[in-house]
Amino acid sequence: MNLSNIVSEIHPIASTREKSTPVTLDRGHLGQAKAAYNTRRVDLTRATHLLQGDIRPQAGDLVLARIEGIGQHTRIELANGRRALLYKGDEVIVCYGARYAPDQFESYLPDDLGPCHLVAAGGVASRCENRHKRMKPPTAIHPLGLLADSQGQRINMQGAALPRIPAVTGHPFTVAVVGTSMNAGKTTTVASLVRGFKATGRRIGTAKVSGTGAGGDRWAVVDVGADPVLDFTDAGVPSTFGLPLAQLEDIFIQLNRQLAAQGAEVVILEVADGLFQRETAALLASRVFREGVDCLLFAATDALGAKAGVDHLKQLGLEAAAVSGIITASPLASREAAQVLEIPVVSAAELANASWLPNPEAAVAGDELGRILSVSQALPASRVSA
């Protein structure tokens with residue numbers, strides 16, 4: 001659509017950036033744009049203006065953009081999880097951010113409001129530099145301007161983040177799931193753990209603490225009964241790619257505190273991508289992760305990856321309790337891994353029917369992680385931090 005349909009007047013308010021022009025939005029027109037999952041916490045009624053001109057976007061800034069060409073992403077995920085079809089000429093509300101996805105795109109935050117790409121269905125505007133050969137070129141978008149409030153201040157996801165929770169003296173029993181790579185079966189492992197732990201009668205909370213904003217993983221655990229369910233976008237960031245360790249640790253801490261405050265009795269966390277991804281590696285090596293996790297499960301795609309990953313975790317001082325993930329879809333691959341591992345290889349079905357669960361009582365006592373808990377035993381409500 002022509003930009004003139006959006007603009008009703010040039011509004012003489014001060015801009016927060018040099019050479020930017022605040023333009024009044026037609027509210028009815030804005031309401032027709034498809035607002036992506038990553039914008040779900042933002043009160044879009046605050047958006048009264050567009051900022052245009054010579055502006056450098058910041059991660060999390062909301063942008064109104066027009067679809068210029070359909071590529072890999074033919075749909076956009078809305079706040080309610082529905083994937084709406086995209087057509088050339090559609091207008092969308094998405095967030096600026098970077099993406100690290102070896103199976104899809106490598107992309108970075110643009111330094112201007114020029115043409116860029118939709119690199120995640122959850123609504124990430126970015127400039128793609130590389131893609132997996134199985135991927136089509138990314139869907140092309142043309143930014144029309146940053147969303148701004150009546151004072152000309154840009155609207156950013158950070159302003160809609162969950163409120164901060166101060167330090168607490170303990171945390172619920174916490175299981176973390178890490179893996180060899182993207183698509184190693186981490187989310188399936190988390191969902192299976194939710195089903196298994198729910199059989200004990202406890203309330204299970206989950207959080208994805210890193211990755212690129214999209215709702216697929218959230219809906220997967222909502223559908224198996226996790227409650228509450230959070231991810232890093234609730235902490236105000238569209239992606240954790242490129243974040244410094246201090247910010248990663250803060251997201252990890254705040255999501256954990258939020259889950260506990262909302263009544264989770266067992267917490268299950270997912271860390272995105274593989275052990276060698278920069279942000280994942282930094283987080284796993286941190287004291288914050290070590291002190292905040294009681295049990296660790298490792299998702300792998302094959303026996304070699306399982307063995308190498310478990311050994312790498314040991315080098316970091318982390319003991320995996322079990323291996324699960326895509327590898328367990330193959331009985332042969334599972335047996336192969338079991339021959340070289342000292343820990344069990346546990347299928348999604350075994351996690352889901354509670355025939356295998358990590359032992360929170362051993363964690364409380366400081367014993368070796370990963371002992372077996374019979375579902376007839378009670379889980380402690382919380383674990384006091386050291």
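May I ask you to list the residues in the stretch 243-297 that are among the aromatic types (Phe, Trp, Tyr) and either in contact (Cβ under 8 Å) with a residue 40 or more places away in the chain or under 25 Å from PRO163 (Cα atoms) (or both)?
Within the stretch 243-297, PHE252, PHE289 qualify.
Mind checking which residues of the stretch 173-184 are assigned to a loop (DSSP other than H, G, I, E, B) and either within 17 Å of PRO57 (Cβ to Cβ) or open to solvent by less than 10 Å² (accessible area, probe 1.4 Å) (or both)?
Residue satisfying the conditions is ALA184 alone.
If you take the residues in the stretch 81-92 that are touching a residue at least 60 places away in the same chain (Cβ under 8 Å) and either surrounded by 24 or more Cβ atoms within 10 Å (Cβ to Cβ) or under 16 Å from GLY69 (Cα atoms) (or both), which one is farthest from the chain's Cα centre (by Cα)?
Checking each candidate, the answer is GLY89.
Let me spell it out: the conditions are (1) surrounded by 18 or more Cβ atoms within 10 Å (Cβ to Cβ); (2) in contact with a Leu (Cβ under 9 Å, 6 or more places away or on another chain), and LEU162 meets all of them except one. Which number is the exception?
For LEU162, the failing item is (1).
Among residues belonging to the stretch 302-335 that are among the acidic types (Asp, Glu) and out of contact with any strand residue (DSSP E or B) (no Cβ under 9 Å at 6 or more places or on another chain), point out the one that is surrounded by the fewest Cβ atoms within 10 Å (Cβ to Cβ).
Checking each candidate, the answer is ASP311.
Out of all the residues in the stretch 141-151, is one or more open to solvent by 30 Å² or more (accessible area, probe 1.4 Å) and not polar (S, T, N, Q)? Outline the logic, then answer.
Here is the first cut: in the stretch 141-151, the residues open to solvent by 30 Å² or more (accessible area, probe 1.4 Å) are 142, 150-151.
So of that shortlist, the ones also not polar (S, T, N, Q) come out as 142.
Checked against the condition, which is being open to solvent by 30 Å² or more (accessible area, probe 1.4 Å) and not polar (S, T, N, Q), the stretch 141-151 yields at least one hit.
Tell me the residue from LEU255, LEU243, LEU193 that is in a loop (DSSP other than H, G, I, E, B) and not small (Gly, Ala, Ser), please.
Sole residue among the options that is in a loop (DSSP other than H, G, I, E, B) and not small (Gly, Ala, Ser): LEU243.
Of the residues VAL194, VAL229, only one is of a type in the set (Val, Ile, Thr), touching a residue at least 40 places away in the same chain (Cβ under 8 Å) and either open to solvent by less than 30 Å² (accessible area, probe 1.4 Å) or at positive phi (or both); which?
Just one listed residue meets the conditions, VAL194.
For a quick check of your reading of the model, give me the residue pairs whose first member lies in the stretch 334-358 and is touching a residue at least 60 places away in the same chain (Cβ under 8 Å) and under 27 Å from GLY201 (Cβ atoms), whose second is surrounded by fewer than 19 Cβ atoms within 10 Å (Cβ to Cβ) and acidic (Asp, Glu), with beta-carbon atoms closer than 6 Å and at least 6 apart or on different chains.
Matching pairs, first to second residue: TRP356/GLU350.
Within the set of pairs 6+ apart or on separate chains, which have a first residue in the stretch 158-175 that is within 29 Å of ALA148 (Cβ to Cβ) and in contact (Cβ under 8 Å) with a residue 12 or more places away in the chain, a second that is part of a helix (DSSP H, G or I) and open to solvent by 80 Å² or more (accessible area, probe 1.4 Å), and C-beta atoms under 9 Å apart?
GLY159/ARG46
The values are calculated or read from the model by the stated rules, or taken from the named source; none is laboratory data. Since the structure is predicted, the reported quantities are computational estimates derived from the model, not experimental observations. Neighbour counts are summed over all protein chains in view; Cβ atoms, including those assigned to glycine, are modelled from backbone coordinates with ideal geometry. What goes into the accessible areas is simple: the full protein's heavy atoms, side chains included, and nothing from ligands, DNA or RNA. Shrake-Rupley method; radii C 1.70, N 1.55, O 1.52, S 1.80 Å.
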